[in-house]
1. With the requirement that a residue be assigned to a helix (DSSP H, G or I) and either surrounded by fewer than 12 Cβ atoms within 10 Å (Cβ to Cβ) or over 20 Å from the mean Cα position of the chain (by Cα) (or both), what does segment 48-66 give you?
2. Of the residues that sit in segment 82-115 and are under 17 Å from the mean Cα position of the chain (by Cα) and in a helix (DSSP H, G or I), which one is surrounded by the fewest Cβ atoms within 10 Å (Cβ to Cβ)?
């Protein structure tokens with residue numbers, strides 16, 4: 001046996017009564033990751049169901065404007081992470097809800113003025 005084979009065989013030895021975790025995310029990240037899977041499924045599933053409920057309430061133009069505001073917020077986060085500018089992104093979060101309201105108001109004004 002050469003030195004590499006000897007070291008490799010010794011590194012595979014585990015304390016008595018333990019078994020190796022051979023696959024899955026918990027093999028490298030621990031059992032905490034495995035235990036959070038149900039919570040993540042409930043949280044992300046709830047967000048997806050909530051989005052599907054509200055999907056019929058907004059027009060394509062309103063969704064586009066919400067996406068634009070979200071993109072600007074992501075740029076603000078990037079500027080803050082790169083220490084280029086200290087953007088208070090949380091202060092601008094209401095803009096995501098305000099954008100579709102403004103779009104609806106502009107559309108109604110255009111309809112009323114027949115533009």
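Read-outs: derived from the displayed coordinates by stated rules, not from any lab. Since the structure is predicted, the reported quantities are computational estimates derived from the model, not experimental observations. Note: ideal-geometry Cβ built from the backbone for every residue, glycine included; neighbour counts use all protein chains shown.
1. 48, 49, 50, 51, 52, 53, 54, 60, 61, 62
2. 90
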